[in-house]
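S.K.: Next up is a structure, given as structure tokens.
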Amino acid sequence: NIEIVDSPYNTVYIEGEDFDKTGMIVNAIYNDGTSKVIENYTIENGTNLQKEDYGVTIKYTEDGVTKTTIQDVMVLEKMVESIEITQAPSKTSYLAGQNFDKTGMKVVAIYNDGTSKEIQDYVVEDGEKLAEGKTSITITYMEDSVIVSATQNISVLPNELKEIEITKSANKTEYIEGENFNPEGMIITATYEDGTNRTRHEIP
């Protein structure tokens, strides 16, 4: 017979990985009760392990006699463990009311087998009409029903009034001393730090 005396160091794998025999010791056992350590065995079904694999076959042939044994393994599903923002977006400073801009941002999904890939189909959870004082936004990503998230630091400053301008004069601009000013028809435009404008109409 052949016998696995010491199991390999690694018996838990992620699907797609290959079996690693490092640390495994296999003995050949003879009909006279003696045994010896063997190394010239072969490993069957040990590549590209899948979830339904529960063991790999160790095979050894000597003098035309072939013996096999099984080394138990556990194969876990490959799944995303986390996401990481590896490059911040080009813009991280905003004025209140503006929307988050992801331009330039790179997000990487990290898997339980140590691999990673850049992703584009993430979701920005709270990036619209940013509130003054907000310090971060949340990025979420779902794959195979697993949801992971990361945060990107930002700063949101108050969208302060920059200037006002009379863009349409009042209907009446000539007065006799003692009369009161009449703003009827006048339009005032307010310009804010983010470049947006608001107007107020004085309607009859």
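The values are calculated or read from the model by the stated rules, or taken from the named source; none is laboratory data. On a predicted model such as this, the values are computed, not experimentally measured, just so you know. Note that we place each Cβ from the backbone using ideal geometry, even for glycine, and neighbour counts take in every protein chain shown. Calculation scope for accessible area: heavy atoms of the full protein, side chains included, ligands and nucleic acids excluded. Shrake-Rupley method; radii C 1.70, N 1.55, O 1.52, S 1.80 Å.
S.K.: By its C-alpha gyration tensor, with a ≥ b ≥ c as the square roots of the eigenvalues, how is segment 108-204 shaped: rounded for a/c under 1.5, else prolate for a/b larger than b/c, else oblate?
M.R.: Judged from the Cα gyration tensor, segment 108-204 comes out prolate (a/c at least 1.5, a/b above b/c).
S.K.: Among [x] 67; [y] 72; [z] 54, only one was calculated for this model; which label is it, if the read-out is percent of Cα pairs over 21 Å apart?
M.R.: So the structure-derived entry is [y].
S.K.: Can you put Met79, Met142, Met186 in order of accessible area, largest first, using a 1.4 Å probe?
M.R.: Met142, Met79, Met186
S.K.: Hey, another quick one. Return the long-range amide H neighbours of Val80 (sequence gap of 5 or more, or a different chain), with a cut-off of under 5 Å between placed amide H atoms.
M.R.: none
S.K.: While we're looking at this one, here's another question. DSSP loop trypsin sites (Lys or Arg not before Pro) in segment 124-172 with at most 13 other Cβ atoms within 10 Å of their Cβ, which ones?
M.R.: Here the sparse-neighbourhood loop sites are Lys129, Lys172.
S.K.: Students sometimes get this wrong: rank Asp32, Asp126, Asp18 by accessible area, probe 1.4 Å, all chains present, largest first.
M.R.: Greatest to least solvent exposure: Asp32, Asp18, Asp126.
S.K.: Determine ³J(HN,Hα), in whole Hz, for all residues of segment 82-93 in sequence, where each value follows from phi through the Karplus function 6.51 cos²θ - 1.76 cosθ + 1.60 and θ = phi - 60°; x replaces Gly and Pro.
M.R.: 6, 10, 9, 8, 8, 9, 5, x, 4, 10, 10, 10
S.K.: Moving to a separate point now. How big is the accessible area of Thr138 in square angstrom, nearest 10, if you roll a 1.4 angstrom probe over the protein chains?
M.R.: 40
S.K.: In segment 93-176, what % of DSSP beta bridges are antiparallel (nearest 5)?
M.R.: Expressed as a percentage, antiparallel bridges in segment 93-176 total about 80.
S.K.: Pull up all non-local amide H partners of Tyr94: gap of 5 or more, or a different chain, and H-to-H distance under 5 Å with H placed in the peptide plane.
M.R.: Amide H neighbours of Tyr94, under 5 Å, 5+ apart: Ser155, Val156, Leu157.
S.K.: When the solvent-accessible surface of protein heavy atoms is calculated with a 1.4 angstrom probe, in what order do Leu95, Leu161, Leu130 fall, highest first?
M.R.: Reading off the accessible areas and sorting them downward yields Leu161, Leu95, Leu130.
S.K.: Also: Of all accessible surface on the chain at a 1.4 Å probe, what whole percent is carbon and sulfur?
M.R.: Of all accessible area on the chain, carbon and sulfur atoms account for 45 percent.
S.K.: Using θ = phi - 60° and the Karplus relation 6.51 cos²θ - 1.76 cosθ + 1.60, list the HN-Hα couplings for segment 187-193 in order, rounded to whole Hz, with x at every Gly or Pro.
M.R.: 10, 10, 10, 9, 10, 9, 4
S.K.: Once a ≥ b ≥ c are taken as the square roots of the eigenvalues of the Cα gyration tensor of segment 60-109, is the result rounded (a/c under 1.5), prolate (a/b larger than b/c) or oblate (a/b not larger than b/c)?
M.R.: Prolate, since a/c reaches 1.5 and a/b exceeds b/c.
S.K.: Here's a follow-up. Rolling a 1.4 Å sphere over the protein heavy atoms, what is the accessible area per residue of segment 110-204, to the nearest Å²?
M.R.: Heavy-atom SASA per residue in segment 110-204 reads 71 Å².
S.K.: If you take the charge dipole of segment 24-149 about its Cα centre, with +1 on Lys and Arg Cβ and -1 on Asp and Glu Cβ, which of Ala28, Asn99, Met142 is farthest toward its positive end?
M.R.: Asn99
S.K.: Give a residue-ordered list of calculated ³J(HN,Hα) values for segment 49-61 (Karplus: 6.51 cos²θ - 1.76 cosθ + 1.60, θ = phi - 60°; whole Hz; x for Gly, Pro).
M.R.: 4, 10, 4, 7, 7, 10, x, 10, 9, 9, 10, 9, 10
S.K.: Using R₀ = 22 Å, calculate the FRET efficiency as 1/(1 + (r/R₀)^6) where r is the Cβ-Cβ separation of Lys36 and Asp72; round to 0.05.
M.R.: So the FRET efficiency works out to roughly 0.40.
S.K.: Around Met105, which amide H atoms from residues at least 5 apart in sequence, or from another chain, sit under 5 Å from its own amide H, with H modelled in the peptide plane?
M.R.: Ser90
S.K.: Oh, and also: Tell me which lysines have Cα within less than 30 Å of Lys162's Cα, excluding those fewer than 8 residues away on the same chain?
M.R.: Hits, sequence-local ones excluded: Lys91, Lys102, Lys129, Lys134, Lys172.
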